[in-house]
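The values are calculated or read from the model by the stated rules, or taken from the named source; none is laboratory data. As the structure is a prediction and not an experimental result, all values here were calculated from the model. Keep in mind that these areas ignore ligands, DNA and RNA; they rest on the heavy atoms of the full protein, side chains included. Shrake-Rupley method; radii C 1.70, N 1.55, O 1.52, S 1.80 Å.
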Amino acid sequence: MSSLAAARADNFYYPPEWSPKKGGLNKFHGQHALRERARKLDQGILIIRFEMPFNIWCGGCNSMIAKGVRFNAEKKQVGNYYSTKIWSFTMKSPCCKHEIVIQTDPKNTEYVIIKGAEKKTEDFDVEDAETLLLPADEDRDKLADPMYRLEHQEEDLRKKKEAEPVLVRLQRLSDSRHSDDYVLNKALRDRLRSQKKRVAEEKSSARKMGLGVRLLPPSAEDAATAASVKFASKFERSRKDKRAAIKAASIFPESSSSASKGKLDLALKRRNIKASAVTALMAGRVKPSSWRSAGSASSRTQMPVLAVRK
């Protein structure tokens, strides 16, 4: 060994107090060769790495545990099927620490869930999956009957004759397509080059439009959908806004607001008259005369009377 630490890690280090009379290193250290995995070996339990054989539903939290997930399981023998041992595997669910027990079934060559979980049933169509339909258990048991086996073989031969033309046609098509590897490789490369060129053109056009995503090529369906969309004009929008304002307004007149609006208009008119008079006076076109009272006795507003210069 290159170092003392490596020797100890590989269990090849023999301390000075060891002698061959004391047996092996495991016996000398008072431990089992499997270390922690054999801590329950006196009870007939061995800790192993168990891999889930199928998809299951956890019985504690109803979560799915996928096929292939590994656990530290306790393996022990619970019986025999003739001369084959039946093993039991006990493990903890990783989601809720629920106990799951699975046993082997040598008779049907499968695993059986004893408690803590439920097997996920996955049905599929044979035609969609493009697989063969295996015979049921009853049919397999009936194959031991010579008469049933003869009828079954006749049916299989009939199906073979019916499917033979299709299989021959598929075989010829496959041979024609894969007869020349160079031509197939050349066609595939040409298609990839054209695809890359089209993607680059779409990206450049989208970049010119200021878009960060690539646009798909135009289609007749998209054009028809875009033509059917009608946008509201400015006149229609203003008309809708006015109608909405009318509907939202109250049907009762507001006297206070109308009176305040009239006073505001009158003050604005007087201000305009005064401004025009001052401008004319500064220009020298008119001369001021006596101020006269322009209102009634109740009115306190004085208006200047301008005389035109002759």
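Things to note:
- The alpha-carbon of K240 sits under 23 angstrom from the alpha-carbons of these lysines, leaving out residues fewer than 8 places away in its chain: K230.
- Cross-link pairs K40/K67; K40/K115; K40/K107; K92/K115; K40/K119 - those with Cα-Cα distance over 18 Å: K40/K67; K40/K115; K40/K107; K40/K119
- Inter-part distance where region 204-255 and region 7-69 are each reduced to a Cα centre, Å: 71 Å
- Heavy atoms of Y81 accessible to a 1.4 Å probe, total area in Å² rounded to 10: 80 Å²
- Set of lysines near K160 by C-alpha distance (under 25 Å), chain-local residues within fewer than 8 positions excluded: K142
- Partners for K186 among lysines (Cα-Cα distance below 17 Å; same-chain residues under 8 apart left out): K196, K197
- Of all accessible heavy-atom area on region 22-120, the percent that carbon and sulfur account for (1.4 Å): 47 percent
- Under-5 Å amide H pairs with E99, H placed in peptide plane, nonlocal only: S93
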